[in-house]
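What follows is a short report on a single structure.
The values are calculated or read from the model by the stated rules, or taken from the named source; none is laboratory data. These figures come from a predicted structure and were not determined experimentally. Here the Cβ is made from the backbone with ideal geometry for all residues, glycine too, and neighbour counts use every protein chain on show.
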Amino acid sequence: MKFEGTSSYIATEDLKVAVNAAITLERPIIVKGEPGTGKTMLAHEVAKSLDAEIITWHIKSTTKAQQGLYEYDAVTRLRDSQLGDEKVKDIKNYISKGKLWNAFESDKRPVLLIDEIDKADIEFPNDLLLELDKMEFFVYETGETIKAQNRPIVIITSNNEKELPDAFLRRCFFHYIKFPDPNTMEEIVEVHYPDIKKDLIQEAFKIFYDIREVPGIKKKPSTSELIDWLKLLMTDDVDAKILREKDPKKLIPPLHGALLKNEQDVHLFERLAFISRRENENVE
Amino acid sequence: MFINFFFDLKQASLPVSLKEYLMLMEAMNKRVVDSFNVNDFYYLSRSALVKDERYLDKFDRVFGHSFKGLENPEGETIKEIPEEWLKLMGQKYLTDEEKKMIESLGGWDKLMETLKQRLEEQKKRHQGGSKWIGTGGTSPFGAYGYNPEGIRIGQKEGKNKKAVKVWDKREFSNLDGDVELGTRNIKIALRRLRKFAREGAETELDLDNTIKSTAHKGYIDVKMMPERRNKIKVLLFFDVGGSMDAHVKICEELFSAARTEFKHMEYFYYHNCLYDAVWKDNNRRYNDNIKTWDVLHTYPSDYKVIFVGDAEMSPYEITYPGGSVEFWNEESGETWLTRMLNVYENAIWLNPIPERYWDRIASTSIIKQIFSDRMFPLTIEGIDQAMRELNK
């Protein structure tokens, strides 16, 4: 089993090495990176390329580790006992399986995505230490041990809102997806829109990387935003010439709403664009 | 060889453990990557040993140091490109017009000679500008430039013919470098500070909600709520004397106003850089000083440390023993700062000087590096980010 990237996902060399190491050693891999660099996508693509089932577990601030294993529904059981339901005799009827349990039960080696682990409480990763290490856990209510039939490929994403505990990190591989350089970016766009006009791409790229370089911008546009923007440009059939526009009245690139997501950034950008154009004119 | 590398990493105080090293060995053993390819080994070891992007740059530096001279035979450095080879290539690819341009510069030999000289003079990677070899400039040497008679080095590089080694690119060197400047407003800063101090993960019994819920459901339903207790403990270090005094005053007011929000708050003064002693009363600083060792031993490592200072001084004051302007320090400021950072994991530096000047001041860059980029401007945005960093 080796991950080589897919027709719809460009994986850099270092990412491939990290993912393959995690697959071979059957250990979780933590993926960090700027928002929109394809962290969550990675898990889906790994599953696709290995032809494995994907089980996603989205983490929220209220998520507890136990919920990933199983939940015991005491309230329903209490009600059923009052109503004299037959089901009440078997405790198994009230245990609902969590994502980890599902993953452990799978016949074929699945991909388990634990998305945005940093959203949860600081203790959350520690509570899953043993479960992810040994790939087994104990169900107290029924006294059975659930052991993984096939150790799932665990991909964990983090947005760096909280530091993860050392003990947890030590057991994982780590990869930081850095922002793609223009060459990789070209491949990524190619994969998404194979028939986009070459000159449009070039002009769009220039604007995109220029915007990312604007000092003091609060939210830098990311890959996914570039892809959206290109899509808009294509649907509107914007000509590359318009992107090359030097008219000071049309300073802001068309459909910039897809790239700049907050009004301070738009103001800042307008101001800077104005200054730079004015300088250009002076030179001319 | 690998053991040495591991100890080099330890030496550079990267948080690597035996478990991770064994993991790397296991991966090598299972042939995750082709073990004869240094690049792959670099990727693998990075993924196994580094667990926080903050350390990536440090790792790159140690890797480069430990495996110097071990790179692929194909991974030639710029200096090793044979002259004839370039000459032949030039004849093959240059247009007649471009060849004429070379002649106008004094001929091919002259150009090569200058290139050699420049290579000798220049030890660092360079970008922009008009003299040095690098990228994006107008110098005749380097890639992506505007000079038509330039020698293009490494512009269209093949996969195995990288002129610069991957780890030498230091791509992660400014991972968290962009901090915003905002308006100065002490009230908002205070609110941010309070928010920081009042976050807690522990839970306590929510009595009202439990009673309500129990009545509603007909059985005892215990409700918990997050405990809002002040559990943040802070050590503050203020730079006093000289240009910093006005800023320190603002800062002191700010933190005293937020004082009730912290479980413990201790403050100390230092001058320019941290050395073997700090003091609490500025008037009696020469009599009543406190040994820095005592500070390190008194306050446990769960304290959060905030340095406030402009970090503007002569670089010697940080890097050399005896560099202090006031007395003879046995050990360098860097040693003391590193010691401090080794004890207190959550430490940041607040700098009242606007961020855009930091890179131009050598000492500020050094301290920023010592703090692994955890230096923030003394603005709302900066304080906000600093507190977020401390809360991690």
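Checking each residue in segment A:59-92 for being surrounded by 13 or more Cβ atoms within 10 Å (Cβ to Cβ) and in contact (Cβ under 8 Å) with a residue 40 or more places away in the chain picks out A:ILE59, A:THR63, A:LYS64, A:ALA65, A:GLN66, A:GLY68, A:LEU69, A:TYR70, A:TYR72, A:ILE91.
Scanning segment A:182-205 for residues that are under 14 Å from A:LYS231 (Cα atoms), surrounded by 15 or more Cβ atoms within 10 Å (Cβ to Cβ) and without any contact (Cβ under 8 Å) to a residue 60 or more places away in the chain turns up A:VAL189, A:TYR193, A:ILE196, A:LYS197, A:LEU200, A:ILE201, A:ALA204, A:PHE205. Taking the criterion of being among the acidic types (Asp, Glu), more than 28 Å from A:LYS32 (Cβ to Cβ) and out of contact with any helix residue (DSSP H, G or I) (no Cβ under 9 Å at 6 or more places or on another chain), would at least one residue in segment A:100-118 satisfy it? Yes - at least one qualifying residue is present in segment A:100-118. Within segment B:29-63, being part of a helix (DSSP H, G or I), more than 9 Å from chain A (Cβ to nearest Cβ) and not aromatic (Phe, Trp, Tyr) holds for B:ASN29, B:VAL38, B:SER45, B:ARG54, B:ASP57, B:LYS58, B:ASP60, B:ARG61, B:VAL62.
No other residue among A:LEU260, A:LEU268, A:LEU255, A:LEU251 is modelled with pLDDT under 75 and closer than 30 Å to A:LYS39 by Cα apart from A:LEU255.
Yes/no matrix, rows are residues, columns are (1) touching a Gly at 6+ places or on another chain (Cβ under 9 Å); (2) in contact (Cβ under 8 Å) with a residue 40 or more places away in the chain; (3) closer than 18 Å to B:SER47 by Cα:
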position	(1), (2), (3)
A:ALA11	yes, no, yes
A:VAL17	no, no, yes
A:ILE30	no, yes, yes
A:LEU50	no, yes, no
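Looking across segment A:152-181 at every residue that is surrounded by fewer than 17 Cβ atoms within 10 Å (Cβ to Cβ) and more than 10 Å from chain B (Cβ to nearest Cβ), the one that is nearest to A:SER8 (Cα to Cα) is identified as A:ASN159.
The condition (being of a type in the set (A, V, I, L, M), modelled with pLDDT under 90 and buried (at least 16 other Cβ atoms within 10 Å of the Cβ)) is satisfied by just one residue among A:LEU100, A:LEU112, A:LEU132: A:LEU132.
Among the residues of segment A:87-125, write down those that are in a loop (DSSP other than H, G, I, E, B) and under 23 Å from A:VAL19 (Cα atoms). Within segment A:87-125, A:SER106, A:ASP107, A:LYS108, A:ARG109, A:PRO110, A:GLU116 qualify.
Being in contact with a strand residue (DSSP E or B) (Cβ under 9 Å, 6 or more places away or on another chain) and closer than 21 Å to B:VAL248 by Cα is the requirement here; does B:GLY309 meet it? Taking the combined requirement at face value, the residue satisfies it.
Looking across segment A:126-141, the residues that are within 13 Å of chain B (Cβ to nearest Cβ) and closer than 18 Å to A:ALA22 by Cα come down to A:LEU129, A:ASP133. Within segment B:286-351, which strands (runs of 3 or more DSSP E) (wholly inside it) include 1 or more residues that are under 24 Å from the mean Cα position of the chain (by Cα) and either surrounded by 15 or more Cβ atoms within 10 Å (Cβ to Cβ) or polar (S, T, N, Q) (or both)? Once the strands (runs of 3 or more DSSP E) in segment B:286-351 are filtered for at least 1 residues that are under 24 Å from the mean Cα position of the chain (by Cα) and either surrounded by 15 or more Cβ atoms within 10 Å (Cβ to Cβ) or polar (S, T, N, Q) (or both), what remains is B:304-308, B:347-351.
No other residue among A:THR24, A:THR40, A:THR56, A:THR63 is assigned to a loop (DSSP other than H, G, I, E, B) and at pLDDT 85 or above apart from A:THR63.
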